[in-house]
1. Out of all the residues in the range 52-66, which are part of a loop (DSSP other than H, G, I, E, B) and either surrounded by 20 or more Cβ atoms within 10 Å (Cβ to Cβ) or touching a strand residue (DSSP E or B) at 6+ places or on another chain (Cβ under 7 Å) (or both)?
2. Within the set of pairs 6+ apart or on separate chains, which have a first residue in the range 159-173 that is within 20 Å of Lys80 (Cα to Cα), a second that is among the hydroxyl-bearing types (Ser, Thr, Tyr), and C-beta atoms under 6 Å apart?
3. List every residue pair whose Cβ atoms sit under 8 Å apart, with the two residues 6 or more apart in sequence or on different chains, where the first one lies in the range 241-257 and is at positive phi and at pLDDT 90 or above and the second, anywhere, is surrounded by fewer than 17 Cβ atoms within 10 Å (Cβ to Cβ) and not basic (Lys, Arg).
4. Inspect all residues belonging to the range 264-273 and state whether any of them is in a loop (DSSP other than H, G, I, E, B), surrounded by 12 or more Cβ atoms within 10 Å (Cβ to Cβ) and at pLDDT 90 or above.
5. Take the residues in the range 1-30 that are touching a residue at least 40 places away in the same chain (Cβ under 8 Å) and not in a strand (DSSP E or B); name whichever of them is farthest from Val167 (Cα to Cα).
6. Only residues that are surrounded by fewer than 18 Cβ atoms within 10 Å (Cβ to Cβ) and part of a helix (DSSP H, G or I): list them for the range 217-232, please.
7. Is there any pair linking a residue in the range 137-156 that is assigned by TED's automatic domain parsing to the domain that holds Glu125 and closer than 12 Å to Val186 by Cα to one that is of a type in the set (Ser, Thr, Tyr) and not in a helix (DSSP H, G or I), with Cβ under 9 Å and at least six apart or on different chains, and which?
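The values are calculated or read from the model by the stated rules, or taken from the named source; none is laboratory data. Small disclaimer: the values here were computed from a predicted structure and weren't measured. Using ideal geometry, Cβ is built from the backbone for each residue, glycine included, and neighbour counts are taken over all protein chains shown.
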Amino acid sequence: MPIEVTGLNYSYKKGTPFEKKVLYDVHLRINDGEVVGIIGPTQSGKTTLAQHFNALFIPQSGKVIVNGINTADKKADLVKLRHEVGYVFQNPDYQLFASCVGEDIAFGPRNQGLPSEDVAARVKEAMSQVGLDYDTFYSRDIFALSGGQKRRTAIAGVLACKPKTLVLDDITAGLDPRGRDEILAVVKRLHSEKQITIIYISNSMDEIAELAERVIVIDQGRIAFDDLKINVFNQPEKLRDIGLELPELMTLAIDLHQQGFNIDPALLKFDEILQSILDSLQEGQVRE
């Protein structure tokens with residue numbers, strides 16, 4: 001279900017002395033099956049933009065069309081649209097409200113009017129998709145979960161509604177490295193196995209590099225870049241002017257290349273960089 005944004009503008013407290021414009025004439029299209037990373041400095045407008053994708057915000061001017069549905073149309077079924085474009089918030093506490101994991105995940109399918117046996121099947125499937133063992137976690141108190149487990153529960157609650165697009169808003173914020181890696185593994189698996197469209201919002205250029213095929217950079221409410229990630233990362237000075245740095249692994253590859261290793265400066269995976277180092281050493285290609 002493609003998402004088309006045309007001439008989108010948005011202001012907070014519009015029409016008041018405290019009005020603050022956060023989006024300026026945004027145009028973009030996200031196609032089925034894409035993995036799109038959205039990044040920008042703090043308060044650049046990336047979350048405000050993303051919350052238009054499932055009609056949490058309605059355009060003040062311009063259009064957002066989701067699978068042919070204009071989100072500003074008063075006759076549009078926005079509840080159905082929000083099930084099809086699932087949104088996972090940065091803070092899972094904004095999304096989790098039932099007493100236990102299973103009941104929380106079941107909330108969405110029940111609201112869809114599904115029979116109890118279908119709800120139960122969806123809960124079990126969604127828990128499996130995010131790596132939560134059904135027998136261990138179904139009755140687990142929400143408040144007894146770790147940060148990573150809360151985030152996986154929030155993702156499962158959205159997945160249980162069978163979305164075609166998943167919007168993930170800085171969902172690794174505050175996690176330790178292990179929790180971060182677990183969440184990123186879940187996202188990769190969802191895309192590879194279910195072909196769900198992924199829109200991944202982050203303040204981490206490394207996470208964007210690891211997950212996304214296409215990168216959209218937002219700067220002061222405007223799209224500064226919208227391209228394949230390697231094309232975006234090949235403009236480091238412009239990124240620094242916005243307040244963004246290259247992914248750490250790409251910086252490492254560039255430094256090693258400058259020191260004489262036969263390494264492609266565009267490499268973004270640790271195992272590829274390591275193999276290139278070994279190849280250079282074995283072939284004697286490192287400059288003295």
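1. Correct list: His52, Phe53, Asn54, Ala55, Leu56, Phe57, Pro59, Gln60.
2. Listed by first residue and then by second, the contacts come to Thr165/Thr197; Val167/Tyr87; Leu168/Tyr200.
3. Going by the 8 Å Cβ cut-off, the qualifying pairs are Gly243/Pro41.
4. No, that holds for no residue.
5. Ranking the candidates gives Lys14 first.
6. Ile230, Asn231
7. Gly148/Thr172; Arg151/Thr172
Quick grid of which residues meet (1) touching an Asp or Glu at 6+ places or on another chain (Cβ under 9 Å); (2) over 28 Å from Ile155 (Cβ atoms):
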| site | (1), (2) |
| --- | --- |
| Glu210 | no, no |
| Arg214 | yes, no |
| Leu239 | yes, yes |
| Ala253 | yes, yes |
| Glu272 | yes, yes |
| Gln282 | no, yes |
